[in-house]
1. Under 6 Å between Cβ atoms, at least 6 apart or on separate chains: pull out the pairs that start in region 52-66 with a residue that is under 13 Å from PHE26 (Cα atoms) and end on any residue that is of a type in the set (Gly, Ala, Ser).
2. Scan GLU134, GLU106, GLU116 and give me the residue that is open to solvent by 40 Å² or more (accessible area, probe 1.4 Å), closer than 30 Å to GLU12 by Cα and free of Cβ contacts under 8 Å to residues at least 40 places away in the same chain.
3. Which of the residues spanning region 160-179 are among the hydrophobic types (A, V, I, L, M, F, W, C) and open to solvent by 70 Å² or more (accessible area, probe 1.4 Å)?
4. State whether one or more residues within region 84-99 are loosely packed, with under 15 Cβ neighbours inside 10 Å and either more than 18 Å from the chain's Cα centre (by Cα) or closer than 21 Å to GLN4 by Cβ (or both).
5. Taking the condition of being touching a Phe, Trp or Tyr at 6+ places or on another chain (Cβ under 7 Å) and open to solvent by 10 Å² or more (accessible area, probe 1.4 Å), how many residues in region 47-58 meet it?
6. Report every pair of residues separated by at least 6 positions or lying on different chains whose Cβ atoms are under 8 Å apart, first residue within region 157-185 and under 13 Å from LEU196 (Cα atoms) and charged (D, E, K, R), second assigned to a helix (DSSP H, G or I) and open to solvent by less than 10 Å² (accessible area, probe 1.4 Å).
7. List the number of the failed condition for ALA221; all other conditions in (1) of a type in the set (Gly, Ala, Ser); (2) open to solvent by 10 Å² or more (accessible area, probe 1.4 Å); (3) touching a residue at least 60 places away in the same chain (Cβ under 8 Å) hold.
8. Do we find a residue being at pLDDT 95 or above, open to solvent by less than 40 Å² (accessible area, probe 1.4 Å), within 24 Å of PRO207 (Cα to Cα) and not in a helix (DSSP H, G or I) anywhere in region 17-33?
Amino acid sequence: MVDQQAKLSWTEDRVPVSEQFDDPYFSLQNGLEETRHVFLAGNDLPARFAPGFHIAELGFGTGLNMLTVWSEWERAGRADPLRFTSFEAFPMAVADQARALAVFPELAPWATRFLEAWKGGTCDLGTLHLTVVEGDARRTLPGWDGVADAWFLDGFSPAKNPELWGKELLTHVANHTAPGGTVATYTAAGFVRRGLEAAGFTVTRSPGYGRKRHMTQGLKA
(Lines give C-alpha, C1' and ligand atoms only; values in the text may rest on other atoms or scores of the structure.)
Protein backbone atom coordinates (compact mmCIF):
# COMPACT_ATOMS: atom_id res chain seq x y z
CA MET A 1 0.00 0.00 0.00
CA VAL A 2 1.32 3.43 -0.92
CA ASP A 3 0.63 5.96 1.80
CA GLN A 4 -0.99 9.13 0.51
CA GLN A 5 -3.58 11.74 1.36
CA ALA A 6 -7.19 10.65 1.68
CA LYS A 7 -9.34 10.92 -1.46
CA LEU A 8 -12.92 11.83 -0.65
CA SER A 9 -16.42 12.14 -1.95
CA TRP A 10 -19.28 13.48 0.17
CA THR A 11 -22.70 12.09 1.09
CA GLU A 12 -25.35 14.81 1.18
CA ASP A 13 -22.45 17.30 1.42
CA ARG A 14 -22.03 16.27 5.05
CA VAL A 15 -20.36 12.88 5.49
CA PRO A 16 -16.94 12.19 3.91
CA VAL A 17 -16.60 8.87 2.09
CA SER A 18 -13.21 7.32 1.41
CA GLU A 19 -12.66 6.73 -2.29
CA GLN A 20 -9.83 4.36 -1.38
CA PHE A 21 -12.18 2.09 0.58
CA ASP A 22 -15.68 3.15 -0.55
CA ASP A 23 -16.76 3.56 3.07
CA PRO A 24 -17.97 6.57 5.10
CA TYR A 25 -15.78 7.96 7.87
CA PHE A 26 -18.59 7.95 10.43
CA SER A 27 -22.19 6.89 10.88
CA LEU A 28 -24.69 8.41 8.47
CA GLN A 29 -27.13 8.49 11.40
CA ASN A 30 -25.08 10.32 14.05
CA GLY A 31 -21.30 9.98 14.06
CA LEU A 32 -20.87 11.68 17.43
CA GLU A 33 -23.30 9.40 19.23
CA GLU A 34 -21.72 6.38 17.54
CA THR A 35 -18.30 7.44 18.85
CA ARG A 36 -19.69 7.88 22.35
CA HIS A 37 -21.37 4.48 22.26
CA VAL A 38 -18.60 2.44 20.65
CA PHE A 39 -15.32 4.00 21.68
CA LEU A 40 -16.08 5.83 24.93
CA ALA A 41 -18.65 3.52 26.52
CA GLY A 42 -16.91 0.54 24.92
CA ASN A 43 -13.74 1.42 26.84
CA ASP A 44 -15.61 2.48 30.02
CA LEU A 45 -14.72 6.13 29.52
CA PRO A 46 -14.73 8.66 31.10
CA ALA A 47 -14.93 6.54 34.29
CA ARG A 48 -11.38 5.23 33.77
CA PHE A 49 -9.75 8.62 33.21
CA ALA A 50 -6.58 8.94 35.30
CA PRO A 51 -3.32 10.90 35.22
CA GLY A 52 -1.19 9.89 32.26
CA PHE A 53 -4.08 8.07 30.55
CA HIS A 54 -3.09 7.05 27.03
CA ILE A 55 -5.48 6.23 24.19
CA ALA A 56 -4.28 4.72 20.92
CA GLU A 57 -6.26 4.41 17.72
CA LEU A 58 -6.12 2.74 14.34
CA GLY A 59 -7.54 5.24 11.85
CA PHE A 60 -7.46 8.96 12.72
CA GLY A 61 -9.73 10.08 9.88
CA THR A 62 -11.52 13.34 10.64
CA GLY A 63 -10.31 13.42 14.24
CA LEU A 64 -13.87 12.92 15.52
CA ASN A 65 -12.98 10.22 18.04
CA MET A 66 -10.10 12.27 19.43
CA LEU A 67 -12.21 15.41 19.77
CA THR A 68 -15.04 13.49 21.45
CA VAL A 69 -12.84 11.98 24.13
CA TRP A 70 -10.84 15.19 24.60
CA SER A 71 -14.06 17.13 25.19
CA GLU A 72 -15.09 14.58 27.83
CA TRP A 73 -11.64 14.83 29.42
CA GLU A 74 -12.04 18.58 29.87
CA ARG A 75 -15.67 18.30 30.92
CA ALA A 76 -14.47 15.97 33.67
CA GLY A 77 -12.46 18.92 34.98
CA ARG A 78 -9.05 17.51 34.14
CA ALA A 79 -6.22 19.99 33.60
CA ASP A 80 -3.50 17.37 33.07
CA PRO A 81 -2.85 16.14 29.52
CA LEU A 82 -4.65 13.26 27.87
CA ARG A 83 -2.26 11.33 25.61
CA PHE A 84 -3.71 10.28 22.27
CA THR A 85 -1.77 8.43 19.56
CA SER A 86 -3.36 7.52 16.23
CA PHE A 87 -2.06 5.54 13.27
CA GLU A 88 -3.24 6.77 9.86
CA ALA A 89 -2.15 5.68 6.38
CA PHE A 90 -4.24 8.22 4.46
CA PRO A 91 -4.25 11.53 6.35
CA MET A 92 -7.10 13.89 5.56
CA ALA A 93 -6.48 17.48 4.46
CA VAL A 94 -7.21 20.00 7.21
CA ALA A 95 -9.84 21.72 5.07
CA ASP A 96 -11.66 18.41 4.66
CA GLN A 97 -11.44 17.72 8.39
CA ALA A 98 -12.96 21.14 9.07
CA ARG A 99 -15.78 20.49 6.61
CA ALA A 100 -16.57 17.11 8.17
CA LEU A 101 -16.38 18.31 11.76
CA ALA A 102 -18.67 21.27 11.09
CA VAL A 103 -21.54 18.75 11.24
CA PHE A 104 -20.96 18.51 15.01
CA PRO A 105 -21.46 22.00 16.50
CA GLU A 106 -21.32 20.52 20.01
CA LEU A 107 -17.62 19.86 19.41
CA ALA A 108 -16.90 23.25 17.84
CA PRO A 109 -14.85 24.65 20.80
CA TRP A 110 -12.47 21.70 20.62
CA ALA A 111 -12.49 21.40 16.83
CA THR A 112 -11.52 25.07 16.49
CA ARG A 113 -8.58 24.73 18.86
CA PHE A 114 -7.42 21.57 17.14
CA LEU A 115 -7.73 22.84 13.57
CA GLU A 116 -5.98 26.13 14.34
CA ALA A 117 -2.95 24.27 15.74
CA TRP A 118 -2.85 21.12 13.62
CA LYS A 119 0.05 20.79 11.18
CA GLY A 120 0.33 17.02 11.25
CA GLY A 121 2.59 14.81 13.34
CA THR A 122 2.39 16.00 16.92
CA CYS A 123 0.36 18.70 18.62
CA ASP A 124 0.39 19.96 22.22
CA LEU A 125 -2.95 21.50 23.16
CA GLY A 126 -2.33 21.68 26.88
CA THR A 127 -4.90 19.15 28.04
CA LEU A 128 -4.22 17.00 24.97
CA HIS A 129 -0.94 15.63 23.69
CA LEU A 130 -1.72 14.31 20.21
CA THR A 131 0.50 12.24 17.93
CA VAL A 132 -0.59 10.96 14.53
CA VAL A 133 1.79 8.39 13.09
CA GLU A 134 1.45 8.45 9.32
CA GLY A 135 1.92 5.30 7.27
CA ASP A 136 0.64 1.73 7.14
CA ALA A 137 0.08 0.58 10.74
CA ARG A 138 1.45 -2.82 9.84
CA ARG A 139 4.82 -1.10 9.45
CA THR A 140 4.59 1.66 12.03
CA LEU A 141 2.90 0.03 15.04
CA PRO A 142 5.45 -2.75 15.65
CA GLY A 143 8.21 -0.20 16.26
CA TRP A 144 6.12 2.13 18.40
CA ASP A 145 7.47 2.53 21.93
CA GLY A 146 4.14 3.46 23.54
CA VAL A 147 1.66 1.49 25.65
CA ALA A 148 -2.03 2.38 25.61
CA ASP A 149 -4.64 2.07 28.32
CA ALA A 150 -7.43 1.97 25.74
CA TRP A 151 -7.61 1.33 21.99
CA PHE A 152 -10.08 2.66 19.44
CA LEU A 153 -10.04 0.25 16.48
CA ASP A 154 -11.66 2.41 13.83
CA GLY A 155 -10.39 1.30 10.46
CA PHE A 156 -12.80 1.07 7.56
CA SER A 157 -15.02 -2.00 7.25
CA PRO A 158 -13.02 -5.24 7.60
CA ALA A 159 -14.50 -6.36 4.27
CA LYS A 160 -13.03 -3.29 2.55
CA ASN A 161 -9.91 -2.58 4.63
CA PRO A 162 -8.69 -6.00 5.83
CA GLU A 163 -5.16 -4.66 6.35
CA LEU A 164 -6.17 -3.06 9.67
CA TRP A 165 -7.87 -6.18 11.04
CA GLY A 166 -5.33 -8.95 10.51
CA LYS A 167 -4.27 -11.29 13.31
CA GLU A 168 -0.64 -10.08 13.24
CA LEU A 169 -1.60 -6.43 13.61
CA LEU A 170 -4.04 -7.23 16.43
CA THR A 171 -1.18 -9.03 18.19
CA HIS A 172 0.84 -5.82 17.99
CA VAL A 173 -2.14 -3.95 19.43
CA ALA A 174 -2.13 -6.36 22.38
CA ASN A 175 1.63 -5.99 22.79
CA HIS A 176 1.13 -2.24 23.14
CA THR A 177 -1.71 -2.46 25.66
CA ALA A 178 -1.21 -2.03 29.40
CA PRO A 179 -2.39 -4.79 31.75
CA GLY A 180 -6.07 -4.16 32.39
CA GLY A 181 -6.24 -2.14 29.18
CA THR A 182 -9.18 -2.31 26.82
CA VAL A 183 -10.07 -2.28 23.17
CA ALA A 184 -13.33 -1.40 21.45
CA THR A 185 -14.53 -1.44 17.88
CA TYR A 186 -17.78 -1.06 15.95
CA THR A 187 -17.27 -4.36 14.11
CA ALA A 188 -18.35 -7.76 15.37
CA ALA A 189 -16.80 -9.70 12.48
CA GLY A 190 -15.92 -13.18 13.65
CA PHE A 191 -12.34 -13.14 12.39
CA VAL A 192 -11.70 -9.85 14.23
CA ARG A 193 -13.03 -11.26 17.50
CA ARG A 194 -10.96 -14.41 17.04
CA GLY A 195 -7.89 -12.34 16.26
CA LEU A 196 -8.32 -10.32 19.44
CA GLU A 197 -8.82 -13.48 21.48
CA ALA A 198 -5.71 -15.05 19.97
CA ALA A 199 -3.79 -11.87 20.86
CA GLY A 200 -4.73 -12.24 24.54
CA PHE A 201 -7.90 -10.20 24.99
CA THR A 202 -11.02 -11.44 26.72
CA VAL A 203 -13.61 -10.54 24.09
CA THR A 204 -17.25 -9.59 24.52
CA ARG A 205 -19.82 -9.04 21.78
CA SER A 206 -22.00 -6.11 22.85
CA PRO A 207 -24.98 -4.21 21.43
CA GLY A 208 -23.92 -1.98 18.55
CA TYR A 209 -24.97 1.52 17.62
CA GLY A 210 -27.92 2.31 15.38
CA ARG A 211 -28.42 -0.25 12.67
CA LYS A 212 -25.39 -2.28 13.75
CA ARG A 213 -26.64 -5.09 15.93
CA HIS A 214 -23.31 -5.84 17.62
CA MET A 215 -19.88 -4.38 18.40
CA THR A 216 -16.78 -5.80 20.10
CA GLN A 217 -15.06 -5.04 23.39
CA GLY A 218 -11.86 -6.58 24.71
CA LEU A 219 -10.01 -6.65 28.04
CA LYS A 220 -6.33 -7.53 28.47
CA ALA A 221 -5.45 -9.46 31.60
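1. GLY59/GLY155; PHE60/SER86; THR62/ALA100; LEU64/GLY31
2. The conditions single out GLU116.
3. Filtering region 160-179 down to residues among the hydrophobic types (A, V, I, L, M, F, W, C) leaves 164-165, 169-170, 173-174, 178.
Those that are among the hydrophobic types (A, V, I, L, M, F, W, C) and open to solvent by 70 Å² or more (accessible area, probe 1.4 Å): none in region 160-179.
4. Yes, because at least one residue in region 84-99 is loosely packed, with under 15 Cβ neighbours inside 10 Å and either more than 18 Å from the chain's Cα centre (by Cα) or closer than 21 Å to GLN4 by Cβ (or both).
5. Number satisfying all stated conditions: 1.
6. Listed pairs, sorted by first residue: LYS167/GLY195.
7. (3)
8. Within region 17-33, not a single residue is at pLDDT 95 or above, open to solvent by less than 40 Å² (accessible area, probe 1.4 Å), within 24 Å of PRO207 (Cα to Cα) and not in a helix (DSSP H, G or I).
The values are calculated or read from the model by the stated rules, or taken from the named source; none is laboratory data. In this text the structure is predicted, and so the values were computed from the model without any measurement. Heads up, the Cβs are rebuilt from the backbone with ideal geometry, glycines too, and the neighbour counts pull from every protein chain shown. Just so you know, the surface numbers come from the protein's heavy atoms only, side chains and all, with ligands and any DNA or RNA stripped out. Shrake-Rupley method; radii C 1.70, N 1.55, O 1.52, S 1.80 Å.
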